[in-house]
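Engineer: Dropping the structure in here first, questions after.
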Amino acid sequence: MSELERHSYDVVVIGAGGAGLRAAVEAREAGLRVAIICKSLFGKAHTVMAEGGVAASMGNVNSSDNWQVHFRDTMRGGKFLNHWRMAELHAKEAPDRVWELETWGALFDRTKEGKISQRNFGGHEYPRLAHVGDRTGLELIRTMQQKIVALQQEDARNHGDAESHIKVFAELTITEILKEGGKVSGAYGYWRETGNEVLFEAPAVVLATGGIGKTFKVTSNSWEGTGDGHALALKAGGHLVDMEFVQFHPTGMVWPPSVRGLLVTESVRGDGGVLTNSEGKRFMFDYIPEVFKDKYADNEAEADRWYGDQTNNRRPPELLPRDEVARAINSEVKAGRGSPHGGVFLDVSKRLPADVIKKKLPSMWHQFKELADVDITETAMEVGPTCHYVMGGIEVEPDTAAAVGVPGLFAAGEVAGGMHGSNRLGGNSLSDLLVFGRRAGAGAAAYIKASGKNPVSEASVRGASERLNAPFTRVGGENPYTIHQELQQTSNDLVGIIRTGKELEEAIVKLAQLRSRVSTAKAEGGRAFNPGFHLAIDLDNMLLVSECIARSALQREESRGGHTRDDFPAMNPEWRQVNSISAWNGKSVDVIQQKLPSLPKELFDLFELDELKKYLTPAEITSVKGGA
Amino acid sequence: MSAAEKMVKLRIWRGDAKDGALQDVEVEANEGEVVLDVIHRVQATQMSDLAVRWNCKAGKCGSCSMEINGKPRLACMTRMNMFEEGETITVTPLRAFPVIRDLVTDVSFNYKKAMEIPAFAGPTDLKPGEYRMQQVDVERSQEFRKCIECFLCQDTCHVIRDHEENKKSFAGPRFFIRIAELDMHPLDTLRNRKKTAQEEHGLGMCNITKCCTEVCPEHIRITDNAIIPMKERVVDEKYDPIRWLGSKIRKREGIN
């Protein structure tokens, strides 16, 4: 074998979506040398798929908005399981992160005064989402991609080398985080193009690998959502928090089958679209939960008035948080009131003129026209729930994004947990990745200043190389594609939108069987750009993540946000006090319960006591309020 | 096989930088599928190491660019029902870029060109949050920012498609719209973007055949809205001393 390719950096950022790129910008601005690793081409990360917008309480459309309101909405959306400090930092810093993008060249849609326009979205009290039509994610990733290029141009002028401080390694997969003396020392992986192995020596690694959607059959995620960062962190000794909380976006396409799961943006509802069943009924009025009764209209007249006058009317129930809408759609379909292809109807054609639809929702218009032969300005869309986002993720210190238990490891964006509690509000993902991407870059910079270099040992390199090559050395094993399909079916059937203890137990058994089959899955063909080999590597990550989800879901005997147990249908304040923490013991996943940090008095006081009583135990309320 | 399924014939180019050939396969296709679905089925059942790039499968990321029956297209947005019954569908890698393996090409040319375009230069007297722009003014640049970087326009452009020698001096349609986008940005302060488009990025080599516009999956009017306006104004600037003088005094929207 030829000599191993070696690189040395201050920080390795794994993942080139919004969080990774924002982290890289911050680390580079702090004077560090940064490697950005992307599994696909630069600029293709899943962030491009984000449609609706980025939530930030700039107050451009409704001046009553501020960080406190955004914080409250985020905690309510997450059913108070959020890490309060993350939700606080996020709400406070999101406006600055959006404005900063403008100075890098982003062009958001405008208000009449020329400010950044903001749109309504589920769970947000005021119009809050900065957007560009329904392609906001593309604008974000392109802006940051171009910011990276701008920094490289600056480095070319100042140092004579565009890649002196930031280098993008495209189409490279990291298979292991390396550690020496209990601290991060680098990362190991392979070029997808050649299959050749690569060693990165770096005392700090930022994980920004996104989600886990590809463990499910019906998903809005691209092929990259295989839980790599989650698995890398677990194997490096990190913890995952609250992995049972998986968001099923209520509106994915259901027809044709090849696009089942593809996202239909929430903006359709934010801009006036309504959900109806096969009887033509606007069914969401029947599904307003007790905790939200004072915020959502219980009749069509009031709901429709809200679009024109948000001060004197309650919001339409179509704009309830995503978990509520997804469960409602699921119930309608189960009750036999679904659309012909097993969804419900989402109609904007009777609500807005055709030209307005095309202007406000251009991607949706194209998507339906070109993939389903449906003109959404004339007919209703058929939609149903699709696996969209994982609230759970790497347990981090909120201020620095440092992974708990692994010095030198940082995590931001979807791969990190805690911020969104049991359910994420739409628009809070793009703001999350900006706020915590920046904090992860700054956290890594501060860490390196204090800790210095940490060389990689040859033993670590040998071990990583052996594990990476395993799929080629196996004999007579199965096709990894078959195992992947079975995993996706298992997740959908047994760990999906509605769960039971019995099915979750079945899932854990099934996952163990799949794991033993993966250990014999052989990669056919050569090393160069071989998708069968790539999948064999990714499968290992997906199985690990799936086990965390199933085991955490089995333990949590309540229903909350993105975790619904048919056998424990109610929300239980006792369970709100604990996070599920997953750790890898080398053979399987252990899940333990850990006490959630309690809300400090100043944030506690932002809520009405009556609202807190719906979520907190009397003892908790007494302890914060001091007996009041 | 249910009624919705049928067998289709594909002819797929397989090989690498040194050598390659078209290979015939027959594979199942279901109602509503796109070419990428069928390629994935070939991968899962017959050629597990068939190399193909893809990400979102929704026409939003621009990864699965290839040539289908000789035409540059996104495989995820090309529906199987647009082909005749029994027609053999030929799938080949992008011709303008070097092959890595099978349907995957080396598109690094585009990333090099991106590096050559000077970045957005915002006003130094405005702090973040103080930018004010009218919707009507940002819309022109927004059209170009819809670009998903699939590079189909680059692939089809005959200035470089069969003329490797032109690549050095020609940025291609994707980067002409990037320059136009910055040039039309209401708050960009860098001057002479059109002039450098002409002198450094090969705008003059484009002879407006509109091939790029035709293949753009985002329906960006590359030629009409970016290339032609820039060419016209380059001519103005070159030969109109009064306009040239005006540009030295202050930057106006879209006019240097």
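Bear in mind these aren't lab numbers, they're just calculated from the coordinates by the rules spelled out. Computed from a predicted model, the values in this text were never measured in an experiment. As a convention, Cβ positions derive from the backbone with ideal geometry for all residues, glycine included, and neighbour counts pool all protein chains shown.
Engineer: Could you line up A:Leu263, A:Leu199, A:Leu207 from fewest to most neighbouring Cβ atoms inside 10 Å?
Structural biologist: Final ranking by Cβ density, sparse to dense: A:Leu199, A:Leu263, A:Leu207.
Engineer: Suppose a student asked you for the relative contact order of chain A, using Cα pairs under 8 Å spaced at least 6 residues apart; what percent would you report?
Structural biologist: Across chain A, relative contact order equals 20 percent.
Engineer: How much FRET efficiency would the formula 1/(1 + (r/R0)^6) give for A:Glu290 and A:Glu378, where r is the Cβ-Cβ distance and R0 is 45 Å, rounded to 0.05?
Structural biologist: 0.75
Engineer: How big is the shadow of the Cα convex hull of the protein assembly as shown, averaged over all directions, in nm²?
Structural biologist: Numbers: hull surface 144.0 nm².
The directionally averaged projection comes out at 36.0 nm².
Engineer: Taking chain A as the reference, fit the longest principal axis to its C-alpha atoms, fit the long axis of helix A:458-473 to the helix C-alpha atoms, and give the angle between the two in degrees, 0 to 90, nearest 10.
Structural biologist: 70
Engineer: Here is a follow-up. Which entries in B:Lys112/B:Lys210; A:Lys115/B:Lys127; B:Lys57/B:Lys146; A:Lys147/B:Lys146 show an alpha-carbon gap greater than 20 Å?
Structural biologist: The pairs that break the limit, which is 20 Å between Cα atoms, are B:Lys112/B:Lys210.
Engineer: Hey, can you grab everything whose amide H is under 5 Å from the amide H of B:Ala121? Only 5+ residues off in sequence or another chain; H modelled, so Pro and N-termini drop out.
Structural biologist: Result for B:Ala121 returns B:Thr189, B:Leu190.
Engineer: I would also like to ask the following. Other chains' Cβ within 10 Å of B:114-125 residues: what's the mean?
Structural biologist: Details: counts 6, 6, 2, 3, 3, 11, 10, 2, 4, 1, 0, 0.
Per residue, the number of nearby Cβ atoms from other chains is 4 on average.
Engineer: So what is the diffusion coefficient of the stretch A:126-255 in µm² per second by Stokes-Einstein at 20 °C and 1.002 mPa s, using a Kirkwood Rh over Cα pairs?
Structural biologist: For these conditions, the coefficient is 119 µm²/s.
Engineer: For A:Ala464, what charge total do you get from the other residues with a beta carbon under 9 Å from its beta carbon, if Lys and Arg give +1 and Asp and Glu give -1?
Structural biologist: -1
Engineer: Would you mind checking the pairs A:Lys44/B:Lys194; A:Lys214/A:Lys281; A:Lys112/A:Lys350; A:Lys358/B:Lys113; A:Lys179/A:Lys449 and listing those with alpha carbons more than 22 angstrom apart?
Structural biologist: Pairs exceeding 22 Å: A:Lys44/B:Lys194; A:Lys214/A:Lys281; A:Lys112/A:Lys350; A:Lys358/B:Lys113.
Engineer: Gap in Å between the Cα centre of the stretch B:41-89 and the Cα centre of the stretch A:424-443?
Structural biologist: If you average the Cα positions of each part, the centres end up 34 Å apart.
Engineer: Using modelled backbone amide H atoms (1.01 Å from N, in-plane), which distant-in-sequence or interchain residues come within less than 5 Å of B:Val34's amide H?
Structural biologist: Here the answer is B:Met80, since their amide H atoms fall under 5 Å of that of B:Val34.
Engineer: Still on this structure: Output ³J(HN,Hα) for the stretch A:240-255: one whole-Hz value per residue in order, computed from phi by the Karplus curve 6.51 cos²θ - 1.76 cosθ + 1.60 with θ = phi - 60°, and x for Gly and Pro.
Structural biologist: With coefficients 6.51, -1.76 and 1.60, one gets 10, 10, 6, 6, 5, 8, 10, 8, 9, 5, x, 10, x, 5, 10, 8 Hz.
Engineer: Still on this structure, I have one more. Just to confirm my numbers, what's the Cα centroid distance between the stretch A:1-50 and the stretch A:187-222 in Å?
Structural biologist: When both Cα centres are located, 11 Å separates them.
Engineer: Taking springs between alpha-carbon atoms closer than 10 angstrom, which of B:Glu149, B:Glu26, B:Glu130 fluctuates most in the Gaussian network model of chain B?
Structural biologist: Result: B:Glu130 has the largest fluctuation of those listed.
Engineer: With a point put 7 Å past each Cα toward its Cβ, work out how far A:Asp605 is from B:Lys127 in nm, to one decimal.
Structural biologist: It is 2.8 nm.
Engineer: Next up: Please give the contour-minus-distance gain from A:Ala156 to A:Gln489: 0.36 nm per residue of separation, less the Cα-Cα distance, rounded to one decimal in nm.
Structural biologist: Result for the pair: 114.9 nm of gain on full extension.
Engineer: Taking 0.36 nm per residue of separation and subtracting the Cα-Cα distance, what length does fully extending A:Gln513 through A:Asn312 add?
Structural biologist: Taking 0.36 nm per residue and subtracting the Cα distance, the gain is 66.7 nm.
Engineer: Okay, moving on. Within a 10 angstrom radius of the beta carbon, how do A:Ser8, A:Ser258 rank from fewest other beta carbons to most?
Structural biologist: Values: A:Ser8 15, A:Ser258 24.
Arranged by neighbour count, lowest to highest, A:Ser8, A:Ser258 become A:Ser8, A:Ser258.
Engineer: How long is the gain from A:Gln593 to A:Ser331 if the chain were fully straight, where each residue apart is worth 0.36 nm and the alpha carbon distance is subtracted?
Structural biologist: 91.3 nm
Engineer: Another one. Helix B:35-45: angle to the longest alpha-carbon principal axis of chain B, degrees 0 to 90, nearest 10?
Structural biologist: 40
Engineer: Moving on. Using a Gaussian network model on chain B with a 10 Å cutoff between Cα atoms, which of B:Pro93, B:Pro128, B:Pro186 fluctuates the most?
Structural biologist: B:Pro128
Engineer: From the phi angles alone, apply the Karplus equation (6.51, -1.76, 1.60; θ = phi - 60°) to the stretch A:281-292 and give each ³J(HN,Hα) in whole Hz, x where the residue is Gly or Pro.
Structural biologist: Karplus values, whole Hz, x for Gly and Pro: 8, 7, 6, 4, 4, 7, 10, 7, x, 3, 5, 10.
Engineer: So who's got an amide H within less than 5 Å of the one on A:Val168, skipping anything under 5 residues away but keeping other chains? H placed 1.01 Å off N, in plane.
Structural biologist: For A:Val168, whose amide H was placed from the backbone, the distant partners under 5 Å are A:Ile36.
Engineer: Just checking the output field for A:257-265: average partner chain Cβ neighbours within 10 Å of each residue's Cβ?
Structural biologist: Taking the mean over all residues of the peptide, I get 4.
Engineer: Taking 1 over the mean of 1/r across every pair of different Cα atoms in the stretch B:108-249, what Kirkwood radius in Å do you get?
Structural biologist: Mean inverse Cα-Cα distance, inverted, gives 15.9 Å.
Engineer: Mind checking the stretch B:1-86 for trypsin sites (Lys or Arg not before Pro) that DSSP puts in a loop (not H, G, I, E or B) and that have at most 13 other Cβ atoms within 10 Å? Kindly include the intermediate steps, with their values, before the conclusion.
Structural biologist: Numbers: sites: B:Lys6, B:Lys9, B:Arg11, B:Arg14, B:Lys18, B:Arg41, B:Arg53, B:Lys57, B:Lys60, B:Arg73, B:Arg79; in loops: B:Lys18, B:Arg53, B:Lys57, B:Lys60.
Hits after loop and neighbour filter: B:Lys18.
Engineer: Per residue and in Å³, how big is the convex hull formed by the alpha-carbon atoms of chain B?
Structural biologist: 150
Engineer: Show that you can apply the helix-only estimate: for chain A, add -39,500 (n - 2.57) for every DSSP H stretch of four or more residues, divide by all residues, and state [θ] at 222 nm to the nearest 500.
Structural biologist: My calculation for chain A gives -12000 deg cm²/dmol from helical runs alone.
Engineer: List the GluC sites (Glu not before Pro) within the stretch A:165-257 that DSSP assigns to loop and that have no more than 12 neighbouring Cβ atoms inside 10 Å.
Structural biologist: Answer by residue number: there is no such site.
Engineer: Read phi for every residue in the stretch A:586-598 and hand back ³J(HN,Hα) as whole Hz from Karplus 6.51 cos²θ - 1.76 cosθ + 1.60, θ = phi - 60°, with x for Gly and Pro.
Structural biologist: Coupling constants for the stretch A:586-598: x, 10, 8, 9, 9, 10, 10, 9, 10, 5, 6, x, 8 Hz.
Engineer: Count, for each residue of A:127-139, the Cβ atoms from other chains sitting within 10 Å of its Cβ, then give me the mean as a whole number.
Structural biologist: What the average comes to for A:127-139 is 2.
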